[in-house]
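Reviewing the structure listed below.
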Amino acid sequence: MMYGLLIFVALLGLWMLYRNTGKQQLESHYVQEEPSSAPLTPEQIKLIQDSWAQVTPIKATAAELFYARLFELDPTVKTLFKGKLDFQGDKLMTTLTVVVDSLDDLSSVVPMLHAMGKRHIIYNVKAEHYDTVGAAFLWVLEQGLGELFTTETKEAWTIAYGVIASVMLEAYSESDRD
C-alpha cells in the first residue's frame, strides 16, 4: 500500500546522496551498515515536520505533481505503476506521514522501510530509479512550499531521504547475496 510513497522518498534520498557525492555511480557506499541513531538534528526534524504539515493539506495535488514530474524526468518508470495513480499517491503520502512522524525514532520504521525495499525489487524498481524519485520529490516540495523551502529545509529533507533510501537499498545488497 505504501509502495508509491516509499519509492518516492527513497529515490529522493538516493538522488540527493548521488548529487552530493560528485555524481558518482551508485555503489554500495550508499547503503549504511546501521542507520545512524541520530542522523537528523532536532532542528532539522522540526523543519521537516513543519514543512510536511504545509504539504499534507494539499497531499493529493502534491502526489499528482510528483508523478507528473517523475514521469517527465524518466518516462520509463511509468510502466512500474500498475494501479491508479491517485491510489498510489494516497499510499505515498500516508507512508511519508508515517516516516515524518517517526523522525525522532527512525529505528521504529526501519523494518517497514526494509520490507518496502524488498518489495520494490519484486516490482522491478532499480536502484538507479532512486535518483529520479529524489529529484521529483524535492521539486514538489520546492513548488509546494515556495519561500518556506529554505536551504536548511532542503538539506534536512535531503538527509532524511538519504537515510530512508539507504535502508531500502539494503534489500538490493541482500538480493545480490541470495
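Table for the structure above
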read-out: For Asn124: the one exception among (1) touching a Phe, Trp or Tyr at 6+ places or on another chain (Cβ under 6 Å); (2) within 20 Å of Asp74 (Cβ to Cβ); value: (1)
read-out: Segment 145-178: number of residues that are at pLDDT 90 or above and part of a helix (DSSP H, G or I); value: 14
read-out: Residue count, segment 128-155 (criterion: crowded, with 21+ Cβ neighbours inside 10 Å and more than 23 Å from Leu40 (Cβ to Cβ)); value: 2
read-out: Counted residues, segment 40-53 - those being in contact with a helix residue (DSSP H, G or I) (Cβ under 7 Å, 6 or more places away or on another chain) and within 13 Å of Thr97 (Cβ to Cβ); value: 4
read-out: Long-range neighbours under 8 Å by Cβ, at least six apart or interchain, first residue over 11 Å from Ala135 (Cα atoms) within segment 64-77, second among the β-branched types (Val, Ile, Thr) and surrounded by 15 or more Cβ atoms within 10 Å (Cβ to Cβ); value: Leu65/Val140; Phe71/Val77; Val77/Thr132
read-out: Test: residue in segment 64-81 that is within 19 Å of Ile159 (Cβ to Cβ) and under 14 Å from the mean Cα position of the chain (by Cα); value: no
read-out: Test: Thr97 is in a helix (DSSP H, G or I) and under 21 Å from Tyr172 (Cβ atoms); value: no
read-out: Residue count for segment 122-144, restricted to those that are part of a loop (DSSP other than H, G, I, E, B) and among the charged types (D, E, K, R); value: 2
read-out: Glu170 of a type in the set (Asp, Glu), touching a helix residue (DSSP H, G or I) at 6+ places or on another chain (Cβ under 9 Å) and exposed (fewer than 14 other Cβ atoms within 10 Å of the Cβ); value: no
read-out: Candidate set: segment 123-144, residues that are among the β-branched types (Val, Ile, Thr) and modelled with pLDDT under 95; chosen: the one farthest from Ala63 (Cα to Cα); value: Val125
read-out: Flag if Leu12 is closer than 23 Å to Tyr172 by Cα, among the aliphatic types (A, V, I, L, M) and at pLDDT 95 or above; value: no
read-out: First in segment 143-156 and more than 10 Å from Ser51 (Cα to Cα), second anywhere and of a type in the set (S, T, N, Q) and assigned to a helix (DSSP H, G or I), Cβ under 8 Å, 6 or more apart; value: Glu152/Gln44; Glu155/Gln44; Ala156/Gln44
read-out: Filter result for Ser51 (in contact with a Ser or Thr (Cβ under 7 Å, 6 or more places away or on another chain), among the small types (Gly, Ala, Ser), surrounded by 15 or more Cβ atoms within 10 Å (Cβ to Cβ) and at pLDDT 50 or above); value: yes
read-out: Matching residues, segment 65-92, being among the charged types (D, E, K, R) and not in a helix (DSSP H, G or I); value: Asp74, Lys82, Lys84
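The values are calculated or read from the model by the stated rules, or taken from the named source; none is laboratory data. The structure presented is a predicted model; accordingly, all values stated were derived computationally and were not measured. Because the Cβ atoms are built from the backbone with ideal geometry, glycine has one as well, and the counts that use them run over all protein chains shown.
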